[in-house]
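The values are calculated or read from the model by the stated rules, or taken from the named source; none is laboratory data. Bear in mind the structure is a predicted one, so any value in this text is a computation, not a measurement. Note that we place each Cβ from the backbone using ideal geometry, even for glycine, and neighbour counts take in every protein chain shown.
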C-alpha cells in the first residue's frame with residue numbers, strides 16, 4: 001500500500017535525480033529548422049535527389065530531420081558529447097586531446113561530423129546507416145554554430161549562468177545557454193519560415209572565405225563569437241558564473257540577435273556546401 005510518506009519520498013528522489021541530469025541543448029527547434037531551410041535552398045538538384053532518397057519526401061522530411069539527433073539522445077547516451085566541443089574560455093585553438101577525449105558518452109561534435117561525413121559519402125554503407133549519418137550532419141552542423149557549444153567557462157557551456165526572465169510578462173528565469181538556444185530567438189514575432197527566407201536571401205552576401213569545410217575552423221569561430229558577444233554580460237568573470245542571476249539589457253540583446261542570425265546563416269550555407277560535396 002502506498003502511503004503519503006512513501007509518495008513524498010519518491011517525489012523527492014525524482015526531483016533530486018532531475019536536478020542531477022546535466023543540462024544540454026543546442027539551437028531549439030526553430031533554430032535547427034531554419035538552418036535546414038537555408039541548406040535546402042542551396043543544395044544542387046543532385047544533392048536534393050539523394051537526400052530525398054535517404055529521408056523521404058522533401059523538403060519537409062529534410063527540415064524535420066534537423067531535430068532527430070536531439071530526439072534520440074536519451075536512448076543513445078553514447079551520443080551525448082557529440083552535440084558540443086568544450087574549448088576552454090581564453091584558448092584560441094581546438095586541441096583534440098584536451099577538448100575531444102573518448103568517453104562512454106562520446107567524444108565531441110568535431111569528431112562526429114567527420115565520421116558522419118565519411119559514412120554519408122560511402123555508398124557501400126547500408127541505406128539506413130547513410131540516412132542516420134545525414135540526419136546527424138543536419139543537426140550537428142547546426143549545433144557547432146551555436147557559440148555556447150564551442151566553449152566552456154566552468155559553467156557547462158552557459159547552463160550554470162542564471163538569467164532573469166527575458167519577458168516581463170513571463171516571469172520565469174532561464175540560463176544563458178537556453179537564452180541563446182531559444183529565448184532570444186523567441187523574442188521575435190518572426191515566423192520560422194519568414195526567418196528562413198530572410199536569412200536565405202542574406203546568404204548571398206556572405207564572404208566566400210566563410211564557406212570552408214573545416215569543422216575545426218567552425219568551432220574556433222563559434223568560440224571566438226562566444227567570447228566576443230555571448231559572454232559580454234554584466235558581472236562576467238573568467239573564473240566562472242556568480243551566484244546571482246543576470247539581466248540581459250537591450251544592447252546585449254541587439255548584439256546577440258545579430259550574432260545568432262549570422263551563425264544560423266553560416267550553419268545553413270556551410271551545411272549546403274558540405275552536402276553538395278559529399279553527394280557528388
* Asked: Can you pull out the residues in the stretch 57-86 that are in a loop (DSSP other than H, G, I, E, B), over 13 Å from residue 39 (Cα atoms) and more than 17 Å from the chain's Cα centre (by Cα)?
  -> 57, 75, 76
* Are any of the residues in the stretch 268-280 at pLDDT 95 or above and not in a helix (DSSP H, G or I)? -> yes
* Asked: If only one of 181, 160 is surrounded by 13 or more Cβ atoms within 10 Å (Cβ to Cβ), touching a helix residue (DSSP H, G or I) at 6+ places or on another chain (Cβ under 9 Å), assigned to a helix (DSSP H, G or I) and at pLDDT 95 or above, which one is it?
  -> 181
* Structure fact -> Across the stretch 111-145, the tally of residues that are farther than 29 Å from residue 177 by Cβ and either in contact (Cβ under 8 Å) with a residue 60 or more places away in the chain or not in a helix (DSSP H, G or I) (or both) stands at 9
* Looking at this structure, is residue 232 at pLDDT below 95, surrounded by fewer than 18 Cβ atoms within 10 Å (Cβ to Cβ), in contact with a helix residue (DSSP H, G or I) (Cβ under 8 Å, 6 or more places away or on another chain) and not in a helix (DSSP H, G or I)? -> no
* Please find, among 257, 239, 272, the residue that is out of contact with any strand residue (DSSP E or B) (no Cβ under 7 Å at 6 or more places or on another chain) and crowded, with 18+ Cβ neighbours inside 10 Å. => 272
* Within the stretch 200-226, count every residue that is at pLDDT below 95 and assigned to a helix (DSSP H, G or I). => 8
* **the stretch 136-157, residues that are at positive phi and buried (at least 24 other Cβ atoms within 10 Å of the Cβ)** => 157
* To do: Spot the failing condition for residue 252; the list is (1) within 30 Å of residue 112 (Cβ to Cβ); (2) surrounded by fewer than 22 Cβ atoms within 10 Å (Cβ to Cβ); (3) within 22 Å of the chain's Cα centre (by Cα), and only one is missed.
  => (1)
* Asked: What pairs come up if the first residue lies in the stretch 214-242 and is on the phi > 0 side of the Ramachandran plot, the second is exposed (fewer than 15 other Cβ atoms within 10 Å of the Cβ) and modelled with pLDDT of 95 or more, and their beta carbons are under 6 Å apart, counting only those six or more places apart or on different chains?
  -> 240/154
